[in-house]
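This report refers to the structure that appears directly beneath it.
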Amino acid sequence: MATKKKTPAKKKSSRKSREKEQKRHLLHQMIRIRQMEEKAYELYTQEKIRGFLHLYDGEEAVAVGVIENLQKEDSIVATYREHGHALVRGVSMERIMAEMYGKLEGCSGGRGGSMHLYDKETNFFGGSAIVANGLPMATGVALAYKRQQKEAIACCFFGEGAVDEGEFHESMNLAALWKLPVLFVCENNLYSMGMPFELAESETDLVTKARSYKMKASSVNGMDVLAVLQEARKAVAYARDNQQPYFLECRTYRYRAHSMFDPERYRSKEEVQEWKKKDPITTFAEKLKKEQLLTDEELQHINREVAGEVAQAVQFAEEGTDEPIENLSQFVYSNSKN
Amino acid sequence: MNKAAQQHMTYRQAVREAMREAMQKDDRVFLMGEDVGRYGGCFNVSEGMLQEFGEDRVVDTPLSESGFTGCGIGAAAAGMRPIVEIMTVNFSLLAADQIINTAAVLYYMSGGQFNVPVVIRMATGGGKQLAAQHSRSLENWYAHIPGLKILTPATVEDARGMLWPALEDPDPVLIFENSTLYNYEDAYSGNGHTVDISTARVRRAGSDVSILTYGIGLHKSLKAAEQLSKQGIEAEVVDLRVLRPLDNETVFASVRKTHRAVIVDEGWKSGGISAELSARITESLFYDLDCPVERVCGAEVPAPYARHLEQASLPQPQQIIETIQKMGGIHG
Ligand SMILES: Cc1ncc(C[n+]2csc(CCOP(=O)(O)OP(=O)(O)O)c2C)c(N)n1
């Protein structure tokens with residue numbers, strides 16, 4: 001913490017070093033997600049991970065920029081594309097990987113898999129795999145916090161496809177009507193599976209849509225982690241201080257197929273390449289280098305360090321245990337015994 | 001020889017061919033659902049149909065299950081013959097209001113004025129490690145509802161032949177396609193003929209026990225029956241085909257013959273079709289039975305992700321075999 005007596009020069013240099021630290025932290029977080037997802041992809045092709053696998057490559061700046069602003073008491077409700085959110089929220093990569101392996105040591109005990117990461121410790125209310133299913137839930141979490149007079153907010157992530165569903169509209173109305181501290185974060189990656197956004201919505205200006213519920217709303221470049229960080233900071237503060245909902249659209253792009261395989265008839269390879277030029281990690285790393293906040297060696301160091309974390313997570317998952325079949329009905333009800 | 005005769009066909013192709021034929025035959029028919037057009041369907045069932053029939057007849061919808069299913073119901077009531085595709089039964093829960101509160105009751109509620117000739121197709125079933133929200137077999141649960149007809153094609157012939165009579169039916173018909181069957185391939189010589197949508201069928205004749213099943217359960221039961229046969233136990237396998245209205249006659253005829261019944265269903269026992277069948281058999285054939293009715297069903301848990309747990313939660317051929325071996329008076 002800077003003390004008041006510091007000279008202006010010192011103040012400046014400590015601000016600079018804090019800034020450097022924070023920016024590198026953001027970069028580090030995005031790289032953790034990217035490398036974890038790349039490994040998950042590989043493991044899926046080896047059939048170590050099964051079921052559906054929705055990867056977050058390309059969208060890292062959104063989870064990192066938003067979640068950085070949350071407090072420990074705040075909650076997150078996410079979708080089936082939630083590995084990154086869980087990770088930056090503080091669920092260990094080991095427990096995420098073990099969950100994808102279906103192991104007892106996974107963050108949902110192997111019952112959930114990739115689409116259903118949960119962690120009570122970090123108020124991570126999980127991955128729901130039904131589109132828009134998380135919005136009413138998040139609204140309810142915020143309702144509880146308000147009744148309990150907590151400072152906490154609920155932060156709900158969802159794709160733009162969720163906007164098509166009735167549950168989106170019902171939740172937006174309830175949250176605005178009851179003045180609940182929810183941050184609705186729409187990750188607009190332009191496609192819901194194969195459906196292009198502009199063919200799914202009569203009004204494609206989502207901010208206008210949100211405002212029709214008398215909700216404060218804004219839109220931000222979701223490929224730019226600093227832009228997301230700043231916009232989300234305002235949004236979080238608004239929701240917390242005013243006990244009101246906020247709608248934040250993050251314009252982003254998913255690099256990979258919707259789940260592991262899809263014929264990608266709905267978009268061109270060129271389009272994907274164009275978006276990759278705006279990659280949230282490489283553009284940010286370049287920026288930091290230009291600002292002399294990062295050297296090539298330091299970047300390599302981060303990459304190596306994260307690769308080590310990934311390797312360790314995989315080893316942890318590999319060494320995980322299978323739940324005994326006798327426990328199949330445990331957790332159907334809270335008081336189930338076996 | 002006709003090209004259609006003797007050919008092999010996947011279940012997926014069979015559904016596609018059935019839809020294509022219906023669209024060619026009747027202008028009122030159109031297909032509507034999420035990703036049915038450009039994407040070719042989430043299980044690739046409608047691949048190529050957008051190119052063949054155009055955007056007015058192969059309609060990509062937003063993710064609005066309640067909205068577009070309700071639209072299909074309204075369009076049907078007003079003279080069209082929509083085929084609504086819901087990706088999987090799990091998402092049909094968002095459309096349950098329209099299906100149950102409108103489609104199932106409109107004709108009755110209006111005193112016989114407005115009928116709803118809609119067909120709603122959806123994938124069902126588990127077994128693919130998709131966990132609790134993506135693995136349900138809720139056809140059972142829809143079969144609870146008077147006013148709906150529930151079809152569960154388990155063979156290529158039924159996948160090919162059930163759609164047209166379903167479209168001709170004046171009332172709402174729900175077709176449940178087990179997603180693990182889309183790649184299933186079989187000889188097909190049906191020549192595009194339709195099949196009835198009111199009866200159960202004996203798929204394997206036997207004298208010692210009746211296995212009553214449908215959908216993916218049929219394939220597991222046939223496997224079990226082959227094994228049992230090697231031990232000298234001849235199981236008769238009845239494919240229910242239609243879960244509502246149930247064909248008592250075929251079921252009863254089989255049980256009267258074998259004096260033993262086991263019901264195989266991936267769905268849950270409580271309040272399910274297995275409970276219903278068991279009750280009907282006991283009500284009507286109690287004195288024909290040599291032993292109590294048995295059930296091999298899905299464990300009453302939400303589907304777990306881990307493979308070993310999921311497999312343990314689903315009926316397996318071995319379980320069917322062991323259940324039958326233990327039935328009173330059976331000797332192999
Ligand atoms: C209610 C419901 N309908 C359909 C699906 C199948 N489905 C899964 S993800 C998805 C696309 C969702 O797109 P979007 O909300 O934009 O999120 P993204 O996958 O792009 O992150 C669809 C149609 C589902 N899971 N739930």
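The values are calculated or read from the model by the stated rules, or taken from the named source; none is laboratory data. None of these values were measured; they are calculated from a predicted model. Virtual Cβ from ideal backbone geometry, glycine too; neighbours counted across all protein chains shown.
Remarks
- Some residue of the range A:258-271 being aromatic (Phe, Trp, Tyr), surrounded by 13 or more Cβ atoms within 10 Å (Cβ to Cβ) and in contact with a Pro (Cβ under 7 Å, 6 or more places away or on another chain): yes
- Within the range B:54-72, the set of residues being closer than 17 Å to residue B:40 by Cβ, away from chain A (no Cβ under 12 Å) and not small (Gly, Ala, Ser) comprises B:57, B:58.
- One residue alone among B:25, B:3 is among the basic types (Lys, Arg), out of contact with any helix residue (DSSP H, G or I) (no Cβ under 6 Å at 6 or more places or on another chain), modelled with pLDDT under 95 and surrounded by fewer than 23 Cβ atoms within 10 Å (Cβ to Cβ), and that residue is B:3.
- Within the range B:282-293, one or more residues are surrounded by 20 or more Cβ atoms within 10 Å (Cβ to Cβ), away from chain A (no Cβ under 14 Å) and over 30 Å from residue A:52 (Cα atoms).
- Some residue of the range A:73-80 being over 24 Å from residue A:234 (Cα atoms), within 16 Å of the ligand (Cβ to nearest atom), within 14 Å of chain B (Cβ to nearest Cβ) and of a type in the set (S, T, N, Q): no
- When every residue of the range A:96-103 is checked against the conditions, none turns out to be facing chain B (nearest Cβ under 10 Å), part of a loop (DSSP other than H, G, I, E, B) and within 15 Å of the ligand (Cβ to nearest atom).
- Any hit, the range A:82-92, residues being among the basic types (Lys, Arg), closer than 27 Å to residue A:158 by Cβ and in contact (Cβ under 8 Å) with a residue 60 or more places away in the chain: no
- Residue list for the range B:122-164, filter: within 16 Å of the ligand (Cβ to nearest atom), buried (at least 24 other Cβ atoms within 10 Å of the Cβ) and of a type in the set (D, E, K, R): B:136
- Count of residues meeting criterion [in a loop (DSSP other than H, G, I, E, B) and either surrounded by 24 or more Cβ atoms within 10 Å (Cβ to Cβ) or on the phi < 0 side of the Ramachandran plot (or both)] in the range A:38-63: 13
- If only residues of the range B:303-319 that are surrounded by 17 or more Cβ atoms within 10 Å (Cβ to Cβ) and not in a helix (DSSP H, G or I) are counted, the one that is farthest from the other protein chains (Cβ to nearest Cβ) is B:315.
- Checked against the criterion of being without any contact (Cβ under 8 Å) to a residue 40 or more places away in the chain, more than 14 Å from every other protein chain (Cβ to nearest Cβ) and within 16 Å of the ligand (Cβ to nearest atom), the range A:243-251 has no qualifying residue.
- Here A:55, A:87 are screened, and the one residue that is modelled with pLDDT of 95 or more and more than 16 Å from the ligand (Cβ to nearest atom) is A:87.
- Residues that are among the charged types (D, E, K, R) and in contact with a helix residue (DSSP H, G or I) (Cβ under 7 Å, 6 or more places away or on another chain) within the range A:225-252 comprise just one, A:249.
- Any hit, the range B:277-297, residues being touching a strand residue (DSSP E or B) at 6+ places or on another chain (Cβ under 9 Å), of a type outside the set (A, V, I, L, M) and touching a residue at least 60 places away in the same chain (Cβ under 8 Å): no
- Test result for residue B:167, surrounded by 17 or more Cβ atoms within 10 Å (Cβ to Cβ), farther than 30 Å from residue A:115 by Cβ and not polar (S, T, N, Q): yes
- Scanning the range A:50-89 for residues that are small (Gly, Ala, Ser) and out of contact with any Phe, Trp or Tyr (no Cβ under 8 Å at 6 or more places or on another chain) yields one hit, A:65.
- Residues of the range A:277-317 that are in a loop (DSSP other than H, G, I, E, B) and not aliphatic (A, V, I, L, M): A:277, A:278, A:279, A:291, A:292, A:295.
- For the range B:84-121, the set of residues classified as more than 14 Å from every other protein chain (Cβ to nearest Cβ), in a strand (DSSP E or B) and either of a type in the set (A, V, I, L, M, F, W, C) or within 14 Å of the ligand (Cβ to nearest atom) (or both) consists of B:84, B:119, B:120, listed by residue number.
- Residue count for the range A:114-126, restricted to those that are more than 11 Å from the ligand (Cβ to nearest atom) and within 27 Å of residue B:62 (Cα to Cα): 5.
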